[in-house]
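Report on the following structure.
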Amino acid sequence: MDYKKYVNIDLHIHSSASDGTLSSSEILIQARKQNLGAIAITDHDSIEGSRKAICAGIPPPLKFLTGVEISATPPPDFFCSGSFHILGYGIKLNDPVLNQTLEMLQKARRNRNPQILNRLNHLGMTLSLKEVENEVREGLIGRPHIACLMVKKGFVKSIDDAFDRYLGKDKPAYVNKFRIDCERAIETIAKAGGISVLAHPLLLNIEQYEIMEDLIVTLKSMGLDGLEVYYPNHTPEHINHYAALARRHDLLMTGGTDFHGLLKPDIQMGSGKGNLNIPFELYERIVENTKNETNRFF
Ligand code: AMP
Ligand code: FE
Ligand code: FE
Ligand code: ZN
């Protein structure tokens, strides 16, 4: 039996190094239990999750790619109201420029959290940084952790409600975050031996096909290697559309669930909302294209 034909992969997973609730070891155990063929841990602006997975040891026959999800700004002249994130795969974890860049992004996140809490306090919600820290197992604090505490304290009904009313873009407690520009994100990933991928294109909120296509052309000229074609809220039509876009522009196709554990309770590792199947061959194409020899885990 050709094992690879029957296994799925998940190349977009958050660990407790950022805003996921499972540790890297727990993710590896769950991936094996679900018989996934390959995974990548892609924490927001951090490679700690990937580092810990490698330290824990990748249980065979599971394959693993190092990963990161970098918060970036779109190219000049492209406005998007959604989340512009660049994923990096197969990156060298000891690359100095990558590490310095991530440290800068982490520092910006640490500066931002007290500002968000200050706004919430002014809106009448008493929340302290200490209380939020108690919500976090180990890693970087993000808005989902603040949202979680808001639910616990009864200020909002759910994490989504917290984002919809207070924490989302342009909502009263929103504080903009420092991001690096996308060209720098793409270059940094390439120099660390990895491949760069535009994450969850649907979440950019770019409705016009022509603008999306122009964006892809611009990013490709900056060195972008791939597009996240498979994602939980992509319909089969979206998947076909993004796959065609990737083919037209000679981009690798990737996919993942954006699993966050309990912080996104409707999303399961490996299957998203239950119906996502990401073929193993996408992992194989990525590995063939990864420049970095040292961080491959076959
Ligand atoms: P931050 O990293 O602090 O900017 O927060 C971004 C993270 O918040 C995303 O990666 C998601 O995990 C989560 N998020 C963003 N928007 C929403 C939303 N509308 N509902 C629930 N979670 C969200
Ligand atoms: Fe997140
Ligand atoms: Fe993202
Ligand atoms: Zn993500």
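The values are calculated or read from the model by the stated rules, or taken from the named source; none is laboratory data. None of these values were measured; they are calculated from a predicted model. Neighbour counts run over all protein chains shown; Cβ positions are idealised from the backbone, glycine included. With ligands, DNA and RNA removed, areas are computed over all heavy atoms of the protein, side chains included. Shrake-Rupley method; radii C 1.70, N 1.55, O 1.52, S 1.80 Å.
Of all GluC sites (Glu not before Pro) in the stretch 108-192, which ones are in loop regions per DSSP and have a Cβ with at most 15 other Cβ atoms within 10 Å? Intermediate values should be presented prior to the final figure.
Working: sites: GLU131, GLU133, GLU135, GLU138, GLU183, GLU187; in loops: GLU138.
Those that pass, being in a loop and sparsely packed, are GLU138.
Would you calculate the convex hull of the Cα atoms in the stretch 94-232 and tell me its volume per residue in Å³?
Details: hull volume 19.1 nm³, N = 139.
Per-residue hull volume (Cα only) is 137 Å³.
Please work out, to two decimal places, the log10 of the ratio I(q)/I(0) at q = 0.07, 0.12, 0.14 Å⁻¹ from a Debye calculation in which every Cα of the chain carries one identical scatterer.
-0.25, -0.75, -1.04
Please give the net charge around ILE29, taking every other residue with its beta carbon less than 15 angstrom from that of ILE29, where Lys and Arg add +1 and Asp and Glu add -1. Mind dumping the intermediate values first?
Details: positive: ARG32, LYS33, LYS52; negative: ASP10, GLU26.
Value of the local net charge: +1.
Could you check the spin-label model distance between ASN35 and LYS157? Points 7 Å from the Cα along Cα→Cβ, value in nm.
My value for the distance between the label points is 3.9 nm.
Can you list residues whose amide H is under 5 Å from ILE70's amide H, if they're 5+ apart or on another chain and H is modeled 1.01 Å from N?
ASP45, ILE86, LEU87, GLY88
Would you pull out the residues with amide H under 5 Å of SER23's amide H, same chain only if 5 or more places away, H placed 1.01 Å from N?
Distant-sequence amide H within range of SER23: SER16.
So which GluC sites (Glu not before Pro) in the stretch 195-235 are both in a DSSP loop and have at most 13 other Cβ atoms within 10 Å of their Cβ?
Working: sites: GLU207, GLU210, GLU213, GLU228; in loops: GLU207.
In loop regions of the stretch 195-235 (DSSP not H, G, I, E or B), the sparsely surrounded GluC sites (Glu not before Pro) are GLU207.
Measure nothing but the geometry: give the 0 to 90° angle between the long axis through the Cα atoms of 280-289 and the longest principal axis through the Cα atoms of the chain, rounded to 10°.
80
What per residue convex hull volume, in Å³, comes out for the stretch 108-167 when only alpha-carbon positions are used? Spell out each step's value before the answer.
Working: hull volume 4.4 nm³, N = 60.
In the stretch 108-167, the Cα hull volume divided by residue count equals 74 Å³.
Relative to the longest principal axis of the chain, what angle (0 to 90°, nearest 10) does the C-alpha long axis of helix 236-248 take?
Its long axis makes an angle of about 60 degrees.
From the phi angles alone, apply the Karplus equation (6.51, -1.76, 1.60; θ = phi - 60°) to the stretch 89-98 and give each ³J(HN,Hα) in whole Hz, x where the residue is Gly or Pro.
10, x, 7, 7, 6, 9, 5, x, 5, 4
What does the convex hull of the Cα atoms come to per residue for the stretch 172-298, in Å³?
On the way: hull volume 18.9 nm³, N = 127.
That works out to 149 Å³ per residue.
Give me the 1.4 Å probe accessible area per residue for the chain, excluding ligands and nucleic acids, in Å². Could you put the intermediate results ahead of the total?
Numbers: 13310 Å² over 298 residues.
So the chain comes to 45 Å² accessible per residue, rounded to a whole number.
Enumerate the calculated ³J(HN,Hα) couplings along the stretch 177-192 in order (Karplus 6.51 cos²θ - 1.76 cosθ + 1.60, θ = phi - 60°), each rounded to whole Hz, writing x wherever the residue is Gly or Pro.
Calculated HN-Hα couplings, in order: 10, 5, 10, 9, 6, 4, 4, 5, 4, 4, 5, 4, 5, 4, 5, 8 Hz.
Using a 1.4 Å probe over the heavy atoms of the protein chains, calculate the carbon and sulfur portion of the accessible area of the stretch 108-167 as a whole percent.
Numbers: 1520 of 3200 Å².
After summing per-atom areas, the C and S share lands at 48 percent.
Taking the stretch 1-81, which chymotrypsin sites (Phe, Trp or Tyr not before Pro) meet the DSSP loop condition and have no more than 14 other C-beta atoms within 10 Å?
Numbers: sites: TYR3, TYR6, PHE64, PHE78, PHE79; in loops: PHE78, PHE79.
Loop-located and lightly packed - PHE79.
So what's the angle, to the nearest 10 degrees on a 0 to 90 scale, between helix 143-152 and the longest Cα principal axis of the chain?
Approximately 50 degrees, to the nearest ten.
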